[in-house]
Amino acid sequence: MTDRRAAYERDGFLVIEGFLDGPTCDALIERAGEIVRTFRPETVSIFTTHEQTRRSDDYFLESGGEIRCFFEEDAFGPDGALQRPVEQAINKIGHALHDCDPVFARASRDPRIAALAAELGLPRALLLQSMYIFKQPFIGGEVTSHQDHTFLWTDPPSATGFWFALEDATLENGCMWALPGGHREPPRRRFHRVPGGTAYEILDERPLPEVGMVPLSAPKGTCVVLHGLLPHRSGPNRSPRSRQAYTVHVIDEGAAYRADNWLQRPPELPLRGF
């Protein structure tokens, strides 16, 4: 067993600085900016981890095989009007950048990511979803403590996140926090489709533990690997500096992906590996 796998199995996360070089980070930032500049919001869809079931509109639910932009909740005023330019109001882009955009596809299928996944116990990883997260200055929203397995359920659990800091992630601009060893916690909820929308199935009434969480400050280019059962969160960004990041979630080819998971891929875009 490698030292990195031992650390990952102990903590439920792994932080690797310098994984991406500066030009690669800058290329992804530039491409995300191009996507947002051409975005024409016929549908206003807001991403928030608060009241997620209420926010599960068709635009969100049909994004598993698309590239779609989602607004920050605080980008709108009391009258519902957008308070800033669109490019300063987007929370994230999701959820198939890794298959539908050539720039993100190349970065997502970097052989080093495949090798890292195999090293950590996922030799048959399938790329399930991808997200570009802006964490906008002053209005970047909080992401409450959660387990990714809640949203990307497989039997047995296999969802694993590869999160890349494209800008420095600090305490000031909303870096991630995680609970070392917390991946040994059982799942608390399952987020899934129901007729007319989505719902949470409560599996364990206990809240996720947060005492003992540590900040995962990540300089530009850092890769953070997150176990699907690991409790993690990030605070709001009230600083003048954004905290842009790109994340890809993979699952094991041998695990069963539930048919009522919120994220579903269209038949013409089946899951692929690296």
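What to note about this one:
- From the list Pro157, Pro209, Pro180, Pro187, the lone residue that is free of Cβ contacts under 8 Å to residues at least 60 places away in the same chain, over 30 Å from Glu30 (Cβ atoms) and in contact with a Gly (Cβ under 8 Å, 6 or more places away or on another chain) is Pro209.
- Here Gly197, Gly212 are screened, and the one residue that is more than 20 Å from the chain's Cα centre (by Cα), of a type outside the set (Phe, Trp, Tyr) and at pLDDT below 95 is Gly197.
- Being more than 30 Å from Val86 (Cβ to Cβ) and of a type outside the set (A, V, I, L, M) is a description that applies to Ser158.
- Consider the stretch 11-42 and keep the residues that are surrounded by 12 or more Cβ atoms within 10 Å (Cβ to Cβ) and modelled with pLDDT under 95. The one that is nearest to Leu166 (Cα to Cα) is Phe39.
- Total residues in the stretch 228-274 satisfying the condition of being within 16 Å of the chain's Cα centre (by Cα) and of a type outside the set (Gly, Ala, Ser): the figure is 18.
- Checking each residue in the stretch 113-143 for being on the phi < 0 side of the Ramachandran plot, assigned to a loop (DSSP other than H, G, I, E, B) and out of contact with any strand residue (DSSP E or B) (no Cβ under 8 Å at 6 or more places or on another chain) picks out only Pro123.
- Listed by first and then second residue, the pairs linking a residue in the stretch 64-88 that is more than 19 Å from Arg243 (Cβ to Cβ) and in contact (Cβ under 8 Å) with a residue 60 or more places away in the chain to a residue that is part of a loop (DSSP other than H, G, I, E, B) and among the polar types (S, T, N, Q), with Cβ atoms under 6 Å apart and 6 or more places separating them unless they lie on different chains, are Gly64/Gln264.
- Test: residue in the stretch 127-138 that is within 23 Å of Pro270 (Cα to Cα) and free of Cβ contacts under 8 Å to residues at least 12 places away in the same chain: no
- Looking at the stretch 156-264, the strands (runs of 3 or more DSSP E) lying wholly inside it that each contain 1 or more residues that are surrounded by fewer than 22 Cβ atoms within 10 Å (Cβ to Cβ) and at positive phi sit at 197-202.
- Considering the stretch 54-111, the qualifying helices (runs of 4 or more DSSP H), each wholly inside and each with 2 or more residues that are in contact with a His (Cβ under 6 Å, 6 or more places away or on another chain) and crowded, with 17+ Cβ neighbours inside 10 Å, run over 102-108.
The values are calculated or read from the model by the stated rules, or taken from the named source; none is laboratory data. These figures come from a predicted structure and were not determined experimentally. Ideal geometry is used to build each Cβ from the backbone, glycine not excepted, and the neighbour counts take in all protein chains shown.
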